[in-house]
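Worksheet: one structure, shown below.
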Amino acid sequence: MCETAAMGEGDVPAVPIEDYALLSDGRTAALVSRAGSIDWLCAPRLDSASLFGALLGGVEQGHWSLRPAHPDATATRHYDGDTFCLVTRWSTADGVAEVTEWMPILFPKDAGSLEGARAALGADRTDIIRRITGITGQVRFVQQLRLRFDYARALPWVRQTGSPESPELTATAGPDAVVVRGAALQPHGHSHVGTVEVAAGESVDLALTWFPSYRRAPAPLDAEAAERATRAWWQDWADGIAHEGPHEDDVRRSLLILRALTNRETGGIAAAATTSLPEDFGGARNWDYRYVWLRDAALTLEALLAHGLADEARAWRDWLLRAVAGDPADLQIMYGLAGERDLHEREMRSLPGYAGSAPVRVGNAAAEQFQADVVGEVMMTLAAARRAGLDDSARSWSLQRVLLRHAEQRLDRPDNGMWEIRGDPQFFTHSRVMLWAAFDRGVRAVEEDGEHGEVDRWREVRDRLRAEIDAHGVRGGCFVQHRETDEVDASLLLIPRTGYCAPDDPRMLATVERIEETLIHGGLVNRYRTGSGVDGLPGGEHTFLACSFWLVEQYAVTGRMAEARELMDRLCALRNDVGMLSEEYDPVGHRHVGNTPQAFSHLSLVRAADALAAGLHSER
């Protein structure tokens, strides 16, 4: 079967999260199910309001379905090379046909006119093209379109604007408009439906274009030229990836996904393409991840730098300088894709939620949290960029000095930690180590790179933090989650990468043993024990994929190569058929959980593969 419906605890039919593939134009993304339905699309950016919201409800919230009319049609799919051009081959009793779909990435030379160039480069249009090509026999496709603007709160005014020879449908509501071209669509209730038939050797292009309703509808694209330009853009970028070692294909696709989550105009790196896919099916752990977490983006940039992709590091550094400009006391842990600060969290009742998991949230209150580790992540990444040969501008170093001054002023304040707990703030060991790393990178920038700063003061703070961590962050011979508990959490696996201690430090080895004893479920790693009540939230969650990749890395750097390879193989096997990973995995229900595709999962895959490659090299 091409798709199997899953039932969540809310008794609402839902397409399995792993059944989705990603289309991207480097500004926004669409999610396409195995059954050929585009169930999620926001335009013109990832964090814009949705046009199709079936992912977080049902067809009533909007979708665009294209599949053979034959009920027993089956499908296989793949990306065409190192691109996000998705090819789905449908087999029916009447014949075989392929649907190739992509979101065009255009440049002035592709646009055909000055007006077209402006629209292509700016935010004046977002396009999806779906090409149906007959392979054998004759296949009839059914197209169903239901548009719901503004998170399904706006029912658009839809009208036929084309001609019999050139069918065209235009939908308008408030600031949004969409034009659909390529095949006739007729009203059917609050949807529009139509059929398209192709024989062997025939092709039909269907195109959907979002544009601001106060502008004229953009001219149709030259689909052939748009496809060539889009393929070339992705392939040219992928050709710059430097990687040798195990899981090469997995690494390449993960890096491509990280690029797809990076806004090609602003440089902002989103944590995921979606909002409110649940960590607990039927529960309330549903968060909006379409924003730029400084931590996630910094870690992503380290992964990109390690693979020769310095342009992205430069773009993100410039994004950072713009986003955090001003009073360091106003530093946030996350921003909008262009550096917006107002990410007010609100519930969107027009969307029922994935598998009945409510509420659906837009915005994220974590933007108002204090997470002490973020300064350390930023300092470590900018240090890595310097070491990779990226010129460290005077403005960048000035920012780093200000960040350290701000961190010192808040040094004795508990925080919400990297897991964004909504319970009482604590002195989390991981956060304290990251503060240590921030001051360590400041000291090293002066001592090793010739920068100027308050090195004596930074060294004093660094040493004070080490003494505190050694005294209060270690209990029973292992690192603990925070100073008031004996619990461990998976963030402790990240300590060695800061340089605070060696991976084979006895405290780290004891911490790994405790994690293996208390946090592993079904062979994969949980972030922490939700039953401890530390996060202040009801319900539980599933194993966190990034944490399992961190364990691979720890195994590899401490010589446990057989276990590292085994766990890595298992984790990579959890990728769906087009290489995507969500945030979490349910090892009992064997399904993806949480927002998708998740940057944290994919960047951790890349780091784990690099650690394996280094471990294999040292074995030779």
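Note the angle between two axes, namely the Cα long axis of helix 294-305 and the longest principal axis of the Cα atoms of the chain, as a number of degrees from 0 to 90, rounded to the nearest 10.
80
Using every Cα-Cα pair within the chain, state what percent have a distance larger than 33 Å.
So the pairs more than 33 Å apart make up 45 percent of the total in the chain.
Take ILE241, ILE128, ILE333 and order them by how many other Cβ atoms sit within 10 Å, fewest up front.
Final ranking by Cβ density, sparse to dense: ILE241, ILE128, ILE333.
Given the DSSP H assignment, sum -39500 (n - 2.57) over each helix run of at least 4 residues in the chain and divide by its residue total; what's the result at 222 nm in deg cm²/dmol, nearest 500?
Rounded to the nearest 500, it is -10500 deg cm²/dmol.
Using the C-alpha gyration tensor of the range 125-215, what are the square roots of 5 times its eigenvalues, in whole angstrom, with the largest one first? Intermediate values should be presented prior to the final figure.
On the way: eigenvalues 137, 35, 27 Å².
Over the Cα atoms of the range 125-215, the ellipsoid semi-axes are 26, 13, 12 Å.
Of TRP102, TRP458, how do they rank once you tally other Cβ atoms within 10 Å and put the fewest first?
Values: TRP102 27, TRP458 24.
Ordered by Cβ neighbours within 10 Å, fewest first: TRP458, TRP102.
Taking Cα pairs under 8 Å and at least six residues apart, what relative contact order does the range 6-236 come out at, in percent?
Relative CO of the range 6-236 lands at 18 percent.
In sequence order, what are the phi-derived ³J(HN,Hα) couplings for the range 82-89 according to the Karplus relation 6.51 cos²θ - 1.76 cosθ + 1.60 with θ = phi - 60°, rounded to whole Hz, with x for glycine and proline?
My calculation for the range 82-89 gives 8, 9, 10, 8, 8, 10, 10, 9 Hz in order.
Could you point to the residue in CYS547, SER203, THR485 farthest towards the positive end of the chain's charge dipole, with +1 and -1 charges on the Cβ of Lys/Arg and Asp/Glu respectively?
So the residue furthest toward the plus end is SER203.
Evaluate the Kirkwood expression for the hydrodynamic radius of the range 119-271, namely the inverse of the mean inverse distance over all pairs of different C-alpha atoms, and round to one decimal in Å. The partial results should precede the final answer.
On the way: mean 1/r = 0.0551 Å⁻¹.
Averaging 1/r across every pair of different Cα atoms and inverting gives 18.2 Å.
How far is helix 373-387 tilted, in degrees, relative to the longest principal axis of the Cα atoms in the chain, given as a value from 0 to 90 rounded to the nearest 10?
That works out to roughly 90 degrees.
In the P(r) worked out for the range 183-276, what percent of Cα pairs fall beyond 22 Å? Numbers along the way, then the final one.
Details: 2583 of 4371 pairs.
Counting every Cα pair in the range 183-276, those more than 22 Å apart make up 59 percent.
Over the range 30-91, one equal point on each Cα, no solvent: what is log10 I(q)/I(0) by the Debye formula at q = 0.14, 0.19, 0.27 Å⁻¹?
Per q value, in the given order, log10 I(q)/I(0) is -0.47, -0.79, -1.09.
Size of the range 577-620 along its principal axes in angstrom, Cα-based, largest extent first?
Principal extents (largest minus smallest coordinate, Cα): 39, 22, 17 Å.
With +1 on the Cβ of every Lys and Arg and -1 on the Cβ of every Asp and Glu, and nothing else charged, how large is the dipole of the chain about its Cα centre, in debye rounded to the nearest 20? Before the final figure, lay out each step's value.
Working: 65 positive and 92 negative charges, 208 e Å.
Magnitude of the dipole: close to 1000 debye.
Under the Karplus relation 6.51 cos²θ - 1.76 cosθ + 1.60, θ = phi - 60°, what is the ordered set of whole-Hz ³J(HN,Hα) values for the range 273-281, x standing for Gly and Pro?
Karplus values, whole Hz, x for Gly and Pro: 8, 10, 10, 6, 5, x, 7, 9, 4.
At each listed q (0.13, 0.16, 0.17 Å⁻¹), what is the log10 of I(q)/I(0) that the Debye formula gives for the range 6-236 modelled as equal alpha-carbon point scatterers?
-0.75, -1.19, -1.35
Listing GLU347, GLU420 from the residue with the fewest other Cβ atoms within 10 Å to the one with the most, what is the order?
GLU347, GLU420
Quote to one decimal, in nm, the extra length available between ARG395 and LEU509 on full extension: 0.36 nm per residue of separation minus the C-alpha distance between them.
In short, 37.0 nm is gained.
If contacts are Cα pairs under 8 angstrom and at least 6 residues apart, what is the relative contact order of the range 276-359 in percent?
Details: 86 pairs, mean separation 34.7, N = 84.
Once divided by the residue count of the range 276-359, the mean separation gives 41 percent.
Once the Cα atoms of helix 310-323 and of the chain are each reduced to a long axis, what angle between those two axes, in degrees from 0 to 90 to the nearest 10, is obtained?
It works out to around 80 degrees.
Could you pull the Cα extents of the range 212-358 along its three principal axes, largest to smallest, in whole Å?
For the range 212-358, the Cα spread along each principal axis is 44, 43, 37 Å.
Given the options VAL525, TRP90, PRO246, identify the residue whose Cα lies farthest towards the positive end of the charge dipole of the chain (+1 on Cβ of Lys, Arg; -1 on Cβ of Asp, Glu).
TRP90
Given Cα pairs under 8 Å that are at least 6 residues apart, what percent is the relative contact order of the chain?
13
Stokes-Einstein D for the range 350-455 at 37 °C, 0.692 mPa s, Kirkwood Rh over Cα pairs, in µm²/s?
Estimated via Stokes-Einstein, D reaches 210 µm²/s.
What is the log10 of I(q)/I(0) for the range 293-413, computed with the Debye formula using one identical point scatterer on each Cα and no solvent, at q = 0.10, 0.12, 0.15, 0.22 Å⁻¹?
Normalising to I(0) and taking log10 leaves -0.37, -0.51, -0.73, -1.25.
Please name which of THR76, THR28, GLY162 has its Cα lying farthest along the dipole of the range 6-236 towards the positive end, using unit charges on Cβ (Lys, Arg +1; Asp, Glu -1) and the Cα centre as origin.
Of the candidates, GLY162 comes out farthest on the positive side.
How much of the calculated P(r) for the range 503-620 lies past 16 Å, in percent of all Cα pairs? All intermediate terms of the calculation are to be shown ahead of the outcome.
On the way: 4227 of 6903 pairs.
That tail contains 61 percent of the Cα-Cα pairs.
Bear in mind these aren't lab numbers, they're just calculated from the coordinates by the rules spelled out. The structure presented is a predicted model; accordingly, all values stated were derived computationally and were not measured. Every residue, glycine as well, gets a Cβ built from its backbone with ideal geometry; the counts of neighbours run over all protein chains shown.
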